[in-house]
Every structure is written in structure tokens, then in C-alpha cells.
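What follows draws every value from the coordinates through simple rules; no lab data is involved. Here the structure is a predicted model, which means the values were calculated and not measured. Quick reminder, even Gly has a Cβ in these numbers, built from the backbone with ideal geometry, and neighbours come from all protein chains shown.
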There are 2 protein chains.
Amino acid sequence: MASDEFDIIRRYFQRSELAFAAPGVALGIGDDCALLRVGPGQELVMSMDLLQEGVHFLPDSDPYLLGQRVLLVNLSDLAAMGAQPVCFTLALSLPNADPQWLERFSAGLGVVASAHACPLVGGDTTACHPDHRVLTVCIQVHGSAPQGAALLRNGAQEGDMIYVTGTLGDAAAGLMLLQGRARDERATPAQRQALIAAFHLPESRVRAALRLRQLASAAIDISDGLASDLGHIARASGLGAVVNVDALPLSEAFRALIPPQDHLALALGGGDDYELCFTVPSDHTEMLEQQMREAGTPVACIGHIAAGSGVRWQRDGETLDLNVRGYNHFPASGTAASSSQERR
Amino acid sequence: MASDEFDIIRRYFQRSELAFAAPGVALGIGDDCALLRVGPGQELVMSMDLLQEGVHFLPDSDPYLLGQRVLLVNLSDLAAMGAQPVCFTLALSLPNADPQWLERFSAGLGVVASAHACPLVGGDTTACHPDHRVLTVCIQVHGSAPQGAALLRNGAQEGDMIYVTGTLGDAAAGLMLLQGRARDERATPAQRQALIAAFHLPESRVRAALRLRQLASAAIDISDGLASDLGHIARASGLGAVVNVDALPLSEAFRALIPPQDHLALALGGGDDYELCFTVPSDHTEMLEQQMREAGTPVACIGHIAAGSGVRWQRDGETLDLNVRGYNHFPASGTAASSSQERR
């Protein structure tokens with residue numbers, strides 16, 4: 001049994017594949033603060049997420065998968081800005097100091113940290129409320145980008161083409177499988193496994209994102225569902241978006257499991273995709289598609305930016321009357337999110 | 001009733017006294033990430049704390065005081081490094097979206113943020129677990145210091161003098177009053193009020209800390225109690241510390257409320273002081289004391305760094321056999337901290 005927080009930190013979080021030395025990190029774990037050096041002409045890019053068991057991830061999640069997922073989900077925010085990962089900080093509120101859990105969780109973190117050269121540099125480890133034993137994980141990721149090069153939400157221009165990476169709705173379908181809310185027999189075992197994997201381990205779009213810096217006019221990561229997140233780009237840019245729903249990239253596994261009438265609700269409002277949605281001036285699309293091929297990142301052009309506001313959904317040029325909304329943590333009743341709907 | 005997280009952020013956290021423009025902040029709230037510019041020759045200094053109701057602060061704390069306290073406590077980590085505050089991020093896991101609570105909490109944050117020119121630049125706002133309605137606050141503060149100038153724990157040298165700012169044990173005594181664990185009648189109403197204020201609103205040592213950069217060899221902030229935190233300096237520096245317990249700065253209010261036999265336990269192990277403990281080469285002490293007078297910061301010289309390891313407590317040159325330990329979140333039994341012992 002780990003005896004105190006310093007012991008926990010030393011044993012599980014100062015491990016070499018997690019808290020390794022990295023350029024830009026002048027001082028990591030072990031003092032009151034961590035120290036970063038940001039190169040000349042670079043900006044520090046940072047994003048924070050708080051994730052709680054039963055709200056943002058399933059209770060009794062496999063700690064190895066969870067460790068990977070919480071970091072991947074945060075790196076997705078850096079990707080959305082076109083930033084190069086530098087390091088991350090981690091605060092844990094733990095129900096108990098279970099060595100096996102800590103070992104597997106920190107190993108999962110380490111896999112993603114190593115793969116992205118993004119070490120753990122500090123944070124906080126505490127025991128949670130004794131009468132409310134719920135795991136809470138707060139992560140802040142830090143990246144760098146040349147001054148002025150970070151991809152913002154507000155740069156879309158009329159006529160820009162709208163792209164997404166990967167496929168949409170897979171993670172939401174995977175979550176339905178995990179929660180027993182989907183009719184399993186519609187998909188093959190391999191398809192079901194792929195969908196569940198999409199929920200646990202979102203693809204990292206960090207490498208692709210670095211190539212977007214010169215090409216995209218605006219970007220966001222799709223965490224609450226395309227409808228909500230593309231809406232943010234449109235609103236921030238003071239324009240509207242037109243999406244051809246038949247162009248939405250849906251995986252074979254998704255099409256197998258999910259009945260056609262539910263495709264749009266899940267692909268547009270399911271959330272947890274952690275794919276990128278970005279806009280590209282129309283004279284850059286050829287270059288963009290070539291760059292993404294070179295990066296090995298599938299992309300689909302799903303529509304364009306137009307005058308007006310909000311997102312308009314079209315099929316065969318006809319506007320559809322869809323009422324898709326992203327996930328809302330605070331419904332009008334004032335009650336919190338239902339725990340049966342795990343979602344960020 | 002605030003209707004969603006974006007509405008909550010807009011209404012309570014993008015207020016002008018909290019999310020104001022500041023040098024170094026290129027982009028604040030509203031995109032996937034915040035962007036910082038760190039000046040040439042500067043390092044970014046950062047620290048993260050997770051605070052949970054019933055563990056790190058009292059249930060039903062006044063949100064205005066709580067907002068101030070959670071930021072002050074984190075700024076104390078920047079002070080311990082001699083860093084100039086730049087900005088902070090905030091993640092909230094909320095039991096409900098109570099407008100009055102949000103208004104008061106964010107106003108409290110704003111008071112401290114404005115006073116330190118340290119705006120809120122981003123974070124995360126979510127609803128907590130519906131069956132475990134406990135408020136969780138995670139803050140990361142960001143500061144800057146010239147490269148190589150940050151005060152670390154490991155710089156103490158044999159013969160350096162050990163100082164602390166302010167007085168010790170007041171916050172622990174204030175917490176006892178708040179929890180009804182102290183015999184009120186021993187202190188005057190004004191004294192009781194002062195002790196309670198020491199718990200709610202620790203003095204900011206940020207300005208004093210900037211003057212320590214050139215003078216101190218090591219520093220830490222006292223969050224878990226002097227015994228534990230001075231122990232960190234000794235261990236990190238590979239040396240021992242000798243403290244004259246009669247030199248420990250204790251306030252009149254503390255002396256009035258706390259029986260003499262309990263003074264040391266509370267002053268050395270009570271925690272929540274958020275004063276600085278630092279070491280100064282003996283030929284710099286005069287300059288140090290002058291600088292602290294100019295900053296209006298009371299300091300006391302309590303001992304010196306010596307060969308060996310650990311902290312030795314002395315009175316009249318005799319070593320005392322004290323068994324004082326800092327707060328441990330994970331006692332050997334594996335159970336979490338008792339909720340009756342609010343502490344970080």
C-alpha cells in the first residue's frame with residue numbers, strides 16, 4: 001500500500017516513461033512549480049479538462065485505457081490549435097490509493113505521453129471525499145506554436161470548405177455498446193470492438209494538426225458533437241455553415257450497428273469523437289488533401305462556410321429540419337447530467 | 001438559472017474583473033486553448049492544485065471567501081518560486097448551477113485576480129456526479145521569472161539562515177474555531193476573527209517573493225505545516241535544518257486561544273499557513289531583513305541549515321523530541337482523510 005502522496009508520486013508518476021526530460025521543460029515534478037522555457041517566437045498553448053467518473057467516463061473503467069484516454073482527449077485540444085505538445089500536469093482526487101490501479105493508470109498515461117514526447121511535469125494528488133468516493137482527473141496540456149500560427153475558431157471566411165478528420169459517431173456507438181444500449185447482433189465482433197476502441201482510445205490528430213497550421217483558416221476538436229462544435233466555428237467567425245449530410249464520414253462498423261434513422265443524431269450530436277473539424281480556403285483544398293494523405297489522416301469535405309449564422313444541414317441541396325444539439329452539462333431543470341449518459 | 005456551460009462561463013467567468021486583458025496573455029477564454037507569450041529570457045512557472053469540498057475546504061463555505069482563498073492558495077506556490085503571476089486556469093465540477101453561488105464565487109476570484117493582475121484565461125466547467133454532489137475546484141496558476149532565477153527547494157547551503165514570513169498556526173487555529181474544536185472564550189472576539197480570517201484569506205506573499213529572488217537560496221510555501229515543508233527543503237538540498245522553537249513567530253491571537261502545550265503541534269503541523277519558508281546565506285541576512293521591511297512583510301529567523309538530514313527542533317540549545325508530521329492524504333490504513341480534518 002502506498003503510504004503517502006509523495007510516495008504515490010515517486011512510485012507511479014515519476015516513472016521514466018511518464019516524467020521524462022523533454023525540450024522546453026526546465027523543471028518537472030518535485031518543487032512548488034514546474035518551469036517551462038518557450039522558444040523565441042513561440043507561444044505557449046494550453047488547455048484544461050476536468051473528468052469525473054460516472055460523468056465523463058464509465059465507473060470502473062480499465063485504468064490502463066483510462067490513463068490513455070484522459071491524455072488523448074486533452075491532446076485533442078492542442079491538435080485543434082495546431083500546437084506541438086510540450087508537457088502536461090495532472091491533478092487526481094482518488095477514492096483510494098490502490099497500487100494496482102495506480103500502476104495501470106500511470107502506465108496508460110505513459111504510453112500516450114511517450115508517443116507524443118509530452119511528459120508529466122507536475123500536479124496534485126489527493127484523497128477524495130470519504131463519503132463521496134468518485135475519481136476525479138484534471139489534466140492541463142501545454143503545447144507550443146509559432147506566434148500567430150495557432151488555429152483559432154474565428155478565422156473561417158465565406159466560401160471556405162469544411163473538413164473533418166476520421167469518421168463521426170463511432171465513439172458514441174461504442175459507448176452505447178458498453179452501456180448495453182445498442183443491438184449488438186447488427187455488427188460483427190470485430191466491428192463492435194472497433195467502435196468500443198474508438199470510445200476508449202480516440203485517434204490522435206496531433207501530427208495532422210501541425211500540417212494544418214499553414215492551410216486551415218479555423219479549427220476545433222469535436223468533443224460535444226459536430227453540430228455543437230461546428231456551430232462554435234460559425235459563431236466565432238460571424239458566419240454560417242452549410243453541411244451536406246451525405247458527405248459525413250461514417251465507418252462501416254457504425255453503419256452496421258446503428259439503424260439508418262439514427263445515423264445523424266449520433267454522428268452530429270453523439271460527442272466524444274475527438275476528431276478535428278476545420279475550414280480551408282477553397283484554393284488550398286488540393287494542397288490540404290495531399291498533406292493529409294502524406295500524414296496518413298483521412299479527411300472528408302462535408303460542406304462550406306456561407307453568409308448567415310448557425311449550421312444548415314442539407315441533403316441533395318434541400319435543407320433538413322434537424323434538431324441536433326451537443327451535450328449540455330446543465331439542462332434547464334438545473335439538475336446535473338444523468339449518469340447513464342456518460343459524456344464530456 | 002444559467003442554462004448551459006457556455007452561458008455560465010459567459011455570465012460569471014468572462015466578467016471584466018476576472019478575465020481581463022493582461023501582458024503575456026495572447027488569447028484568453030473562448031477557444032480550445034489559451035495562448036501565452038513568455039518574454040525573452042523568461043521562464044513560465046506553473047502549479048496546479050485540486051481542492052474538494054469536505055477535504056480541502058469546509059462544506060458550505062461562503063463562495064466569496066472560497067473564490068478568494070482557492071486563488072490565494074495557488075498564488076502562494078508562485079510566491080514560493082519567486083515568480084510574477086501571469087494568469088490562471090480553473091476547472092469546476094459543480095453540484096449545481098446556482099446563480100447566486102456562481103456570482104459570489106466568481107466575484108471572490110475576481111478580487112484576488114485583479115489585485116495580482118492575474119486573469120482567468122480558460123478552464124472547464126462541468127456538472128458533478130449526480131449521486132455525489134461535491135464541489136471540486138482545480139486551479140493552475142502561471143507566472144514568470146527570469147531564466148534560472150526561480151527559487152527552488154534544493155538550493156540551501158550549510159550555514160544558511162532559515163526564515164519564515166508572517167506567523168504560524170493561525171489558519172489551523174482559525175479552522176479549529178470554525179469547526180468548534182477550540183475553547184472560544186480564551187480569545188477575544190477580535191482575536192477569533194483574525195484567526196478565522198487567516199484560514200479563509202491567507203496573506204499574499206507574492207510581492208515579498210519577488211524581492212527574495214536575489215537573496216534566498218531556497219524557498220517553499222508552508223501548506224502542510226513547517227515541519228513537513230522545511231523537511232522538503234532539507235531533503236532536496238541534501239542537508240539538515242536546525243530550528244529554535246522559541247523563535248517561531250506566533251501571533252498574540254494564537255497565543256491567546258491555543259494552550260501553550262499545543263503551540264508546537266499546531267504551529268509546526270497544522271498546515272494551511274501559506275507563508276513562505278526560505279533560506280538565506282548568512283551574509284545576506286541584513287539585506288534580506290531590510291528588503292522585507294520595505295515590502296512590509298514580517299519575517300522571523302528561526303534557525304539554520306546544517307550538515308545531516310531532517311529537521312532538528314531545539315530549545316535553549318537542547319534538542320527536543322517532537323513527533324510532528326504534516327498532513328497525509330493517504331494514511332497507512334488506506335482510508336482517506338477524515339472529513340473532520342479539513343486540510344490540503
3J(HN,Hα) from dihedral phi, the stretch B:221-226, Karplus parametrisation 6.51/-1.76/1.60, rounded to Hz, x for glycine, proline: 9, 8, 10, 9, x, 4
Per 10 Å bin, what percent of the C-alpha pairs of the stretch A:108-191 does each bin hold, from zero upward? 10, 20, 30, 29, 11, 1
Long-range amide H partners of residue A:306, meaning residues 5 or more apart or on another chain whose placed amide H is closer than 5 Å, are A:159, A:240, A:241, A:242
Taking a label point 7 Å out from Cα toward Cβ, give me the nm distances from residue B:21 to the same spot in the other copies, shortest first, one decimal. 4.1
Answer check: the stretch B:5-146, Cα atoms, Kirkwood Rh, Rg/Rh ratio of 0.96
The simple spin-label model distance between residue A:22 and residue A:183, using points 7 Å out along Cα→Cβ, in nm, is 4.6
Can you compute the radius of gyration and Dmax for the protein assembly as shown, using only the Cα atoms, both in Å? 26.1, 91
Compute the acute angle (0 to 90°) between the alpha-carbon long axis of helix A:99-115 and the principal axis of greatest extent of the alpha-carbon atoms of chain A; round to the nearest 10°. 50
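Using Cβ counts within 10 Å as a stand-in for footprinting exposure, how do B:29, B:233 rank, fewest first?
The order, fewest Cβ neighbours first, is B:29, B:233.
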Working from the pairwise distances between different alpha carbons, so that the mean of 1/r is found and then inverted, what is the stretch B:133-273's Kirkwood radius in Å? 16.6
Go through chain A and flag any cysteine with no other cysteine's C-beta closer than 4.7 Å, please. A:33, A:87, A:118, A:128, A:277, A:301
Between residue B:152 and residues 5 or more places away or on another chain, which pairs have amide H atoms under 5 Å apart, with H built 1.01 Å from N, and which residues are they? B:219
Ordered by fewest other Cβ atoms within 10 Å, a rough proxy for footprinting exposure, B:81, B:287 read B:287, B:81
For the stretch A:27-32, Karplus couplings with θ = phi - 60° (6.51, -1.76, 1.60), whole Hz, Gly/Pro x: 8, x, 4, x, 10, 5
Assume the label is 7 Å from Cα along Cα to beta carbon: what separations in nm does residue A:256 have to the matching positions in the other copies? 7.7
For residue A:60, go 7 angstrom from Cα along the Cα-to-Cβ vector, then report the distances to that same point in the other copies in nm, smallest first. 3.5
Counting just the Cα atoms, what span does chain A cover along each of its three principal axes? Round to the nearest Å and put the largest first. 64, 52, 40
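Net charge near residue B:78, counting Lys/Arg +1 and Asp/Glu -1 over other residues with Cβ under 13 Å of its Cβ?
Once positives and negatives cancel, what remains is -3.
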Stretchable slack from residue B:154 to residue B:214, in nm (0.36 nm times residue separation minus alpha-carbon distance): 20.1 nm
Based on other C-beta atoms within 10 Å, arrange A:17, A:53 from fewest to most. A:17, A:53
